[in-house]
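The values are calculated or read from the model by the stated rules, or taken from the named source; none is laboratory data. Not measured: the values here are computed from a predicted model. Here the Cβ positions follow ideal geometry from the backbone for every residue, glycine too, while neighbour counts run over all protein chains shown. Heavy atoms of the whole protein, side chains included, go into the accessibility calculation; ligands, DNA and RNA do not. Shrake-Rupley method; radii C 1.70, N 1.55, O 1.52, S 1.80 Å.
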Amino acid sequence: MILQADPRFLDAGEAALVVEFGDMVDPAVNDRVLALDAALRADPPAGAREFVPTYRSLMIHYDPLRIDRAGLIAIVRRMMAGLAEWRGGGTSWTLPCCYDPALAEDIDEAAGILGLTRDDIVALHTKATYRVYMCGFTPGQIYLGGVPEPLKISRRATPRPPHAAGAVSIGGGLGTVVPFVMPTGWYVIGQTPERLYAAERKDAFLIQAGDILRFDPIDLATFRNLEQRAASGDIVASKRAA
Amino acid sequence: MTTALAMLRILSVGPGATLQDGGRHGYLRFGVTAAGPMDPLSHAAANLAVGNPAGATAIEVSVGGIELTTERASLNVAIAGGEFALSLDGRPLPTAVAFNLEEGAVLKIRAGAGGSWCYLAVAGQFTMPKVLGSHATHTRTGFGGANGRALSTGDRLGIERSASSQPSIGAIVAPWLDRPLDTIRVVLGPQHDYFANHQIAAFLAGPWTVSARSDRMAYFLDGPRLSHARGYNIVSDGIAIGAIQVPGDGRPIVLMADRQSTGGYPKIATIIGPDLGRLAQARPGAVFRFAAVSIAEAVAARRQEAALLARGVVVEPLVRSHFSSEFLLGLNLIDGVVGAKA
């Protein structure tokens, strides 16, 4: 069983514990992170505050006046002993994505670097199925594994100017969708009209670590239409429970 | 107890004044940073002095200062934090103080002898909507506070008042808020194994100077350049508040209240909870060293701080010797003050 290997327990101060399963971006390592995260969320130890899954480790924020480090580690070890292999409890999403160069500002530049055509990029990007490894850096942002080999592109040496909210990008062999306007070292190859984060919506965050994702290509007119619907509160992505 | 809607009106304000409560917790897994006060101890002291819970919403004032008044109703207020220069209608106040701010009275808070952050708490609740359950302002993502931004001149902040007027002006008796910088305690890790032992020794020895390039997100430190034994790119993982990351240029960065939630540089150490506010209060140019402590020592320090706050905050009425009788008469509280004890 994959979970039997003992993780490393690292301290991030006296109020956060890192449970580290490896040092690589790897689906098998991420499986262990997500399995432990799911188990802890289902039965949170008293004094544990937040669980933050990332590619290869789970950060447990805790109140050290309510639970001590040794006690927390004992609970984590006990939980892991009882865990089966992670089979994926996440939701499958199809996210509309417009690859029109009007929105996909870097698609031609990326095509040039990768030795592909614009259409190749769209075909490859929409054919693949992605795993949401983690959320982070900015609210609602997702990091995606499963980028096809021909689309694996290094990050830029220096960041490009800010992109629009909803930018769909590739870089460092991974994918990302960023719901905020910000500069990036990645290549913007599309834009989704969906809002991964909307404060006023019942589910403020649509997608979380462990979810599965595909992109559905849409033209500019459809994008504008869906963008309006999303702004009025609709969820324009489609989902299916795993 | 009476309730009434008061409006705090910002007459002028420097950059970086924001509304902060105890923080936006529970959403780190979605990439949402808690934000919250840079100096939680001072923030809590100001709140407790007006009878609020420790994590209630208050105004965090930067060295840019603020000038404000109240409209429609008076407000009980308390101020605590660094050594800022405070005045009420032009008359000086102690640096940590609680009083009744009358309608139209002008309170000025300016950078003083030391400290980078100061908190203005009001008895009552700010009425603006919360974002994900919190008023904490995170300007980079536009979350919370006054429409997600720092306060600006002309802002009017609604407050559902929760107490009647306070009889006297009083000094907040909290000598424990006066915390010299000198040594900042850290727990090594989570990635101190990316550094050779002599580099860890150099990190602890410093000395470090707080850079001018410091804000609510991060304090940059000037000092010895650190080198990595195993490279400086790691697979991104979670970032705890107070984490000290060392990017490729070897210059440590302390990640503060508005930090990003994840990152890809090795984190050599993490500042212990009780010492982070103390560092936050340091101004650019301040010099200090780090000291490594065990988790047990860090938890003991945390327990000590929690015990201080659990005892509450004493507000001691000011006596005639502190201020001229004209000033006290002007505040209309002379009768209640002479000979009074807390």
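The label-point distance for A:Ala231 and B:Arg91, in a model that sets each label 7 Å from Cα toward Cβ, rounds to 5.4 nm. Per the Debye calculation on the protein assembly as shown with a single equal scatterer at every Cα and no solvent contribution, log₁₀ I(q)/I(0) for q = 0.07, 0.12 Å⁻¹ amounts to -0.47, -1.21. Approximating the spin labels as points 7 Å out from Cα along Cα→Cβ, the A:Thr117-to-B:Met128 distance works out to 5.2 nm. Contact-buried residues of the range B:266-309, at a threshold of 50 Å² lost accessible area versus the chain by itself: B:Ile295, B:Arg302 (1.4 Å probe; DNA, RNA and ligands ignored). Checking every one of the GluC sites (Glu not before Pro) in the range A:144-235 against DSSP loop status and a limit of 10 other Cβ atoms within 10 Å picks out A:Glu200. With a simple spin-label model that places each label point 7 Å from the Cα along the Cα-to-Cβ direction, the separation between B:Arg225 and B:Arg149 comes to 4.0 nm. For the range A:91-241, the per residue solvent-accessible surface stands at 41 Å², with DNA, RNA and ligands left out and a 1.4 Å probe.
Restriction of the trypsin sites (Lys or Arg not before Pro) in the range B:169-259 to DSSP coil positions whose beta-carbon has at most 16 other beta-carbons within 10 angstrom yields B:Arg225, B:Arg230.
For the range B:227-309, the spherically averaged projection of the C-alpha convex hull amounts to 6.7 nm².
I'd like the residues of the range B:140-161 whose 1.4 Å-probe accessible area shrinks by no less than 10 Å² going from the isolated chain to the full set of protein chains. The answer is B:Thr141, B:Phe143 - residues whose exposure falls by at least 10 Å² when every protein chain is included. Rolling a 1.4 Å probe across the protein heavy atoms gives the range A:3-81 an accessible surface of 37 Å² per residue. Close lysine pairs were tallied over the protein assembly as shown: pairs 8 or more places apart or on different chains with Cα atoms under 23 Å apart number 4. Taking B:Gly31, B:Gly22, B:Gly112 as the candidate residues, the one with maximal mean-square fluctuation in a Gaussian network model of chain B, Cα springs under 10 Å, is B:Gly31.
When the accessible area of the protein assembly as shown is split by element with a 1.4 Å probe, what percent falls to carbon and sulfur?
On the way: 11850 of 23070 Å².
That share works out to 51 percent.
Summarising the amide proton neighbourhood of B:Ile184: residues at separation of 5 or more, or on other chains, whose placed amide H is nearer than 5 Å comprise B:Arg289, B:Phe290, B:Ala291. For chain B, the membrane-span-like helices by this rule, meaning whole DSSP H stretches whose C-alpha atoms cover at least 18 Å of axis and whose Kyte-Doolittle mean is -0.5 or above, are B:295-310; this says nothing about an actual membrane.
Taking all protein chains into account, the per residue accessible area for chain B stands at 38 Å² (1.4 Å probe). Going toward the positive end of the dipole of the range B:183-305, with +1 on Lys and Arg Cβ and -1 on Asp and Glu Cβ, which of B:Ala280, B:Leu226, B:Ile200 do you reach last? Checked the options; the winner is B:Ala280. Within the range B:84-143, the percentage of alpha carbon pairs spaced more than 15 angstrom apart rounds to 63%. In this Cβ point-charge picture (+1 for Lys and Arg, -1 for Asp and Glu), the range B:183-305 has a dipole of about 160 debye about its Cα centre. Here the relative contact order of chain B, from alpha carbon pairs under 8 Å that lie six or more residues apart, stands at 20 percent. Of the residues B:Ile295, B:Ile59, B:Ile241, the one that moves most in a GNM of chain B with alpha-carbon contacts below 10 Å is B:Ile295.
Taken along its principal axes, the alpha carbon cloud of chain B reaches lengths of 68, 40, 32 Å, longest axis first. Based on C-alpha pairs under 8 angstrom that are at least 6 apart in sequence, chain A has a relative contact order of 21 percent. Interface size, chains B and A: roughly 3200 Å² of accessible area buried, both sides included, 1.4 Å probe, rounded to the nearest 100.
Counting only Cβ charges, +1 for Lys and Arg and -1 for Asp and Glu, the dipole size of chain B around its Cα centre is about 620 debye.
Residues of the range A:132-159 that bury at least 50 Å² of accessible area once all protein chains are present, compared with their chain alone (1.4 Å probe, heavy atoms only, ligands and nucleic acids left out), are A:Phe137, A:Pro139.
log₁₀ I(q)/I(0) of chain A at q = 0.10, 0.17 Å⁻¹, via Debye over equal Cα point scatterers, no solvent, to two decimals? Cα-only, vacuum Debye calculation for chain A: -0.52, -1.21.
Note on the range B:45-96 and the range B:170-240: Cα centroid distance 30 Å, given to the nearest whole angstrom.
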